[in-house]
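Before any comments, here is the structure.
The values are calculated or read from the model by the stated rules, or taken from the named source; none is laboratory data. Just so you know, these numbers come straight off a predicted model, no measurement behind them. Glycine gets a Cβ as well: all are built from the backbone with ideal geometry, and neighbour counts include every protein chain shown.
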């Protein structure tokens, strides 16, 4: 196409498109509005999403395999807290947060259990795995999100790993097969871990409509819509299993 | 003090077991031709075991030995009153190369005590030595693929003196 003809077409097309757009997309807006001074800009205040996750059926903890040490004075063992769920936005609003370097989180190994049993973090966070038991542990994961093996290490020692990829990481101990835990890695900060009663609160959410998901021990709910008002809280409850 | 803690773990164990292993009827029949040394020492089997485990980060080593001794009720000549001995020992090591991937090696030995026979004093069975090397890869935590190569040496008997085997194994546990 010759350049002159192209420029003529463009000269017609741009005003036509503008008319069509104004005519059909905003027919009821007074014309004078376009010439009035813009309204004062008020920054949207972040809101929150709050609610409760109800578990119809609580999963049973993995049974401990008998050990020779049980013949003497068996070491105390904690049961994992399987009541904690994680609630998160399916996708985060663009530009709603600033990516930082991530901080530190701790998943302790205490009384033959990972404490806490569920940790939710942002990408870039380093998780420390201290060994607070009197015997050895060996933290590892074969998850697609993060595949690692920290080797065997003694009481009082700690090893760490940084999580750079979002997803779910299943954590185990190579010595004590009943020990397991979850690390949920998000690319945004809009998530929360419930308390023992199932209550949660996702704070500092920009106003808007979001899909929210609840997760517990590998089971995720269907996304539920939540409308976060300006500077207020949206209520959203879940029932899992 | 944290700095003085050893980065390695060593476990040592030992075990002893003893018990009768033949029925009263069989023991009575055998006792007629070859009475046990005393009424307090019937046909029993005893085993003494010891094991040690050493681990350090990605390396694990285990060794175990069991000495077993028992009296066999012979109902026909030649009757025998001396006990039979067997010694089983193994040493194995494993190293995790990457998460889910490991290499391992193991040496087994099964030896037998000597008995007096018409041909002199000889072991009552042929000792066996086995050397095994292999590796494994965990696709997921409870699904493991293993491949190993085994070389067996047997000092005597009707079986071949040397035999090589290659084995593959799929392990699923729950």
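Output yes when any residue across the range A:171-186 is closer than 21 Å to residue A:85 by Cα, assigned by TED's automatic domain parsing to the domain that holds residue A:105 and surrounded by fewer than 16 Cβ atoms within 10 Å (Cβ to Cβ), and no when none is. Looking for residues that are closer than 21 Å to residue A:85 by Cα, assigned by TED's automatic domain parsing to the domain that holds residue A:105 and surrounded by fewer than 16 Cβ atoms within 10 Å (Cβ to Cβ), one finds none in the range A:171-186, hence no.
Applying the set (1) modelled with pLDDT under 95; (2) touching a strand residue (DSSP E or B) at 6+ places or on another chain (Cβ under 7 Å) to residue B:35 leaves exactly one unmet item: (2).
Remark: residue A:98 matches the filter, which requires a residue to be without any contact (Cβ under 8 Å) to a residue 24 or more places away in the chain, in the same structural domain as residue A:190 (by TED's automatic domain parsing) and farther than 21 Å from residue B:99 by Cβ.
Does the range A:73-85 contain any residue that is surrounded by 13 or more Cβ atoms within 10 Å (Cβ to Cβ), part of a loop (DSSP other than H, G, I, E, B) and modelled with pLDDT of 90 or more? Yes, that holds for at least one residue.
Is it the case that residue B:85 is farther than 23 Å from residue A:131 by Cα, modelled with pLDDT of 90 or more and within 14 Å of chain A (Cβ to nearest Cβ)?
Details: farther than 23 Å from residue A:131 by Cα: yes; modelled with pLDDT of 90 or more: yes; within 14 Å of chain A (Cβ to nearest Cβ): no.
For residue B:85, the condition - farther than 23 Å from residue A:131 by Cα, modelled with pLDDT of 90 or more and within 14 Å of chain A (Cβ to nearest Cβ) - is not met.
Kindly indicate which of A:219, A:194, A:239, A:209 is under 16 Å from the mean Cα position of the chain (by Cα) and over 22 Å from residue A:122 (Cβ atoms).
Values: A:194 fails: over 22 Å from residue A:122 (Cβ atoms); A:239 fails: under 16 Å from the mean Cα position of the chain (by Cα); A:209 fails: under 16 Å from the mean Cα position of the chain (by Cα).
The match here is A:219.
Tally up the residues in the range A:202-236 that are within 21 Å of residue A:54 (Cβ to Cβ) and exposed (fewer than 14 other Cβ atoms within 10 Å of the Cβ), please. Give the steps one after another, and end with the answer.
Residues of the range A:202-236 that are within 21 Å of residue A:54 (Cβ to Cβ), as a first pass: A:202, A:210-226, A:233-236.
Subset that is exposed (fewer than 14 other Cβ atoms within 10 Å of the Cβ): A:211, A:218-219, A:222, A:225, A:235.
Within the range A:202-236, residues that are within 21 Å of residue A:54 (Cβ to Cβ) and exposed (fewer than 14 other Cβ atoms within 10 Å of the Cβ) number 6.
Among the residues of the range B:145-174, those identified as within 14 Å of another protein chain (Cβ to nearest Cβ) and part of a loop (DSSP other than H, G, I, E, B) are B:173, B:174. Restricted to the range A:93-201, the set of strands (runs of 3 or more DSSP E) holding at least 3 residues that are within 14 Å of chain B (Cβ to nearest Cβ) comprises A:137-142, A:147-153, A:158-163, A:167-173, A:180-186. State whether the residues of the range A:152-167 include one that is in contact with a strand residue (DSSP E or B) (Cβ under 9 Å, 6 or more places away or on another chain), under 22 Å from residue B:98 (Cβ atoms) and without any contact (Cβ under 8 Å) to a residue 24 or more places away in the chain. Within the range A:152-167, one or more residues are in contact with a strand residue (DSSP E or B) (Cβ under 9 Å, 6 or more places away or on another chain), under 22 Å from residue B:98 (Cβ atoms) and without any contact (Cβ under 8 Å) to a residue 24 or more places away in the chain.
The residue that is surrounded by the fewest Cβ atoms within 10 Å (Cβ to Cβ), counting only those in the range B:126-144 that are facing chain A (nearest Cβ under 10 Å) and not in a strand (DSSP E or B), is B:142.
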